[in-house]
């Protein structure tokens, strides 16, 4: 239960801060709405910091997966038990729904005065492709998540130090969350232009469900469900390919 609660709390913080920065940039009359063209950079940095903070909070208890792709990838390479995979994924989905719900509560007044131009409100909760082409949208999610997971599997935050013939294990402490957050920043800035780079099925599906339920003036009745399978299955396929390539290189 401690691990499950940690995943819920960590993913809640991740989505609360991540979708929160998108809300700050896109909604009317927020302190961050007049971004003068640097909105994408602001969002990318905000999401990377959200990853950093989410990992710090949950890592000591659950390992800070916060993403079904991370959970599945670690299970494939044998570093996580398969019987825990469903529990982790459900926890991540719950956390993502809570985080997006808190964003709506925090920015409720701003949601009420924002004109929904081109699915702007949905973009705060879930990813939307810049050009809708399901094949290339799917490919974009596969490739972006492949880079994210494949690199993540090679990240290390622990090392060793030899002193007077003795080997001592050393770590980075909370700074150990920094490599993952920098990785997310790099992937979003470089590969996020096509779909927004969901990289995380729970991060997209949970908020999309919340958006379809909560009352927001002027929102679209649908949540682009005809596109929703792309940020769910694309990242999963990318993580599976990354995990098997990792195993192949180790063999």
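Regarding residue 42, is this residue in contact with a helix residue (DSSP H, G or I) (Cβ under 7 Å, 6 or more places away or on another chain), free of Cβ contacts under 8 Å to residues at least 40 places away in the same chain, under 27 Å from residue 216 (Cα atoms) and assigned to a helix (DSSP H, G or I)?
Working: in contact with a helix residue (DSSP H, G or I) (Cβ under 7 Å, 6 or more places away or on another chain): yes; free of Cβ contacts under 8 Å to residues at least 40 places away in the same chain: yes; under 27 Å from residue 216 (Cα atoms): yes; assigned to a helix (DSSP H, G or I): yes.
It is true that residue 42 is in contact with a helix residue (DSSP H, G or I) (Cβ under 7 Å, 6 or more places away or on another chain), free of Cβ contacts under 8 Å to residues at least 40 places away in the same chain, under 27 Å from residue 216 (Cα atoms) and assigned to a helix (DSSP H, G or I).
Against the criterion of being more than 14 Å from the chain's Cα centre (by Cα) and either under 16 Å from residue 43 (Cα atoms) or surrounded by fewer than 17 Cβ atoms within 10 Å (Cβ to Cβ) (or both), residue 124 does not qualify. Just one residue in the set 18, 73, 118, 54 is surrounded by 23 or more Cβ atoms within 10 Å (Cβ to Cβ) and under 24 Å from residue 213 (Cα atoms); that residue is 18.
Where helices (runs of 4 or more DSSP H) fall wholly inside region 56-123, the ranges with 3 or more residues that are under 17 Å from residue 153 (Cβ atoms) and modelled with pLDDT of 95 or more are 68-76. Of the residues examined, residue 38 is not one that is more than 22 Å from residue 154 (Cβ to Cβ) and either at pLDDT 95 or above or within 18 Å of the chain's Cα centre (by Cα) (or both). Of all residues in region 129-150, those satisfying the criterion of being surrounded by fewer than 18 Cβ atoms within 10 Å (Cβ to Cβ) and over 15 Å from residue 236 (Cα atoms) are 130, 131, 132, 133, 134, 135, 136. With respect to residue 61, is the statement that it is touching a helix residue (DSSP H, G or I) at 6+ places or on another chain (Cβ under 8 Å), surrounded by fewer than 20 Cβ atoms within 10 Å (Cβ to Cβ) and in contact (Cβ under 8 Å) with a residue 24 or more places away in the chain true? So residue 61 fits the description; yes.
Answer yes or no as to whether residue 4 is more than 17 Å from residue 187 (Cβ to Cβ) and part of a helix (DSSP H, G or I). Answer is yes for this residue.
The values are calculated or read from the model by the stated rules, or taken from the named source; none is laboratory data. Note that the structure is a prediction, hence the values are computed from the model and not measured. Cβ coordinates were reconstructed from backbone atoms using ideal geometry, including for glycine residues, and neighbour counts include every protein chain displayed.
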